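The values are calculated or read from the model by the stated rules, or taken from the named source; none is laboratory data. Nothing here was measured: the structure is a model prediction, and the numbers come from that model. Counting neighbours? That spans all protein chains shown, and the Cβs are built from the backbone with ideal geometry, glycine included. Side chains included, ligands, DNA and RNA excluded: accessible areas come from the protein's heavy atoms. Shrake-Rupley method; radii C 1.70, N 1.55, O 1.52, S 1.80 Å.
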Amino acid sequence: MEHQIVAFGQEGGNRRKIPEYNPAWKVIEPMDTQIKGFADSMYEQSFVESAVSTRADTTNLLKERTTKRTAKTPVKESQINGIVKFQVQHIERCLAARLESYERAYEETGKVPTEEELEEILAELKTVGDLQVKHSSSFIDNFLRARRAQVQCDPEQSLMEGCAEAHDRVLRTWKNWGEKIRIKEVAPAKIKAAAKPPAQTVAETQPIPDEAVPMEKQRSNRTLFAYYWCFFKRLGNECNRTWRGELAAALLTATGAYLLIHRVSAVAWTSFKSEGLSMVIAVWSIASWHVLRTPWLLHKEASSTSGGIRRVHWGHGLFGIVVLAGVLAGSGLYARKQLAKPIAPVMAAPYVEPKNSLRKRILGLANDLNVFLGERWSKRPPGHGPDTLKYDQATLDLYMKFYKSRMVGILQELQDKGLDTGLLGAPGGAPSRFLLPDEIRQLRDLAYHLDEKGNVVKF
């Protein structure tokens with residue numbers, strides 16, 4: 001007899017029935033308490049998450065209504081349909097979570113549900129669907145009464161119509177789960193039956209022909225020397241087959257190196273030496289590539305359908321030995337040459353004081369002022385007459401024009417570093433008149449309170 005579960009749909013304005021479970025058909029044994037508790041805990045968590053999500057969606061919908069319209073504006077049918085849609089999604093999530101909780105519970109415990117337990121799960125799915133429809137319908141009724149909205153349709157009928165497809169999907173998932181369980185129960189029995197070999201008599205036993213022996217067993221008699229001899233022959237064969245193109249590539253590399261070095265160095269011997277070295281490096285790189293590639297070629301041939309390695313003349317083996325010896329010798333010589341070089345000690349380059357450092361600028365200003373005052377004092381008229389006063393004013397004007405800005409900037413930098421400039425930076429000092437010889441010596445002393453990086457030196 002088929003099981004039945006109620007699915008809600010629109011069919012002539014009435015409820016549409018699909019197969020549902022009737023507990024009167026069969027006496028169902030109680031489910032394992034451990035599995036039941038584990039499934040209930042997982043379903044409860046999923047139910048709470050779905051309820052929170054539904055409440056958030058409904059709240060956002062009401063906030064949009066409050067923002068766009070006043071609170072006295074009646075609820076529109078589109079808003080009611082939106083709330084019904086959120087409740088339908090909530091019911092769908094609850095049904096899927098209920099079935100998934102049982103599937104995970106049986107999977108985690110490693111047990112397989114019986115037919116009675118599957119029917120009990122089906123009955124609980126129907127109970128969950130009916131219960132959530134009643135709760136959602138009650139919520140919608142209370143919501144509409146609180147806002148005195150006119151009800152144009154039956155909320156419960158709308159919910160059942162919206163959940164019809166969800167009930168169908170859950171029922172199909174439940175049936176697929178049951179079919180998978182039945183297939184897993186039948187498959188081991190068939191495998192055990194097929195695993196029993198047919199009884200053989202002495203007369204039926206036949207020797208294994210030679211052609212049936214795997215190629216690995218046929219090649220097991222090869223010695224280590226034979227393997228490496230095949231390696232050398234194949235290496236020599238590959239180098240002999242491609243030497244023309246590879247030699248041309250090495251010559252092109254050497255020519256390019258010669259042209260690049262010849263532009264920098266005018267010595268011909270240095271250019272030819274570098275050209276020869278670059279050609280040797282190119283040939284060594286190509287030979288190293290052949291050495292690394294040959295084992296892969298041998299393995300590829302051995303694992304092919306034919307399973308055999310092609311025959312190569314023994315002369316190629318001698319050539320392969322020469323190639324490998326050249327690669328190893330070149331690597332050894334290069335490594336010895338590089339390792340023999342003494343390692344230069346890593347030393348930090350000494351700090352070079354910049355030309356425009358504060359200390360050098362102070363000393364340069366002091367020297368310029370000293371020369372300036374020396375020249376002006378040597379040509380100063382004697383006495384204190386009008387000519388002398390006019391000459392002193394000209395000296396002050398020249399100082400203010402050429403040296404004042406430098407002096408004010410340097411004094412400001414010294415004060416920013418925390419040095420006491422004394423009377424030089426005071427009102428009536430260097431910013432307003434030229435310095436006297438004693439003041440120039442004070443400026444020079446300030447320079448010696450700084451190091452080459454411009455930091456203050458404390459004595």
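Descriptive notes on the structure:
- Among the residues of region 300-341, those identified as at pLDDT below 80, surrounded by 12 or more Cβ atoms within 10 Å (Cβ to Cβ) and under 11 Å from residue 234 (Cβ atoms) are 301, 309.
- Criterion (open to solvent by 30 Å² or more (accessible area, probe 1.4 Å) and at pLDDT below 80) met by exactly one of 72, 111, 85: 72
- Taken together, the residues in region 23-37 that are open to solvent by less than 70 Å² (accessible area, probe 1.4 Å) and at pLDDT 50 or above amount to 5.
- If you go through region 342-360 and pick out every residue that is at pLDDT 80 or above and either in a helix (DSSP H, G or I) or open to solvent by less than 90 Å² (accessible area, probe 1.4 Å) (or both), you end up with 6.
- Within the span defined as region 406-423, one or more residues are touching a strand residue (DSSP E or B) at 6+ places or on another chain (Cβ under 8 Å) and either basic (Lys, Arg) or open to solvent by 80 Å² or more (accessible area, probe 1.4 Å) (or both).
- Only one entry in 399, 403 is open to solvent by 30 Å² or more (accessible area, probe 1.4 Å) and at pLDDT 85 or above, namely 403.
- Test: residue in region 381-392 that is on the phi > 0 side of the Ramachandran plot and part of a helix (DSSP H, G or I): no
- Residues considered: 79, 45. Of these, the only one that is modelled with pLDDT under 80 and more than 20 Å from residue 160 (Cβ to Cβ) is 79.
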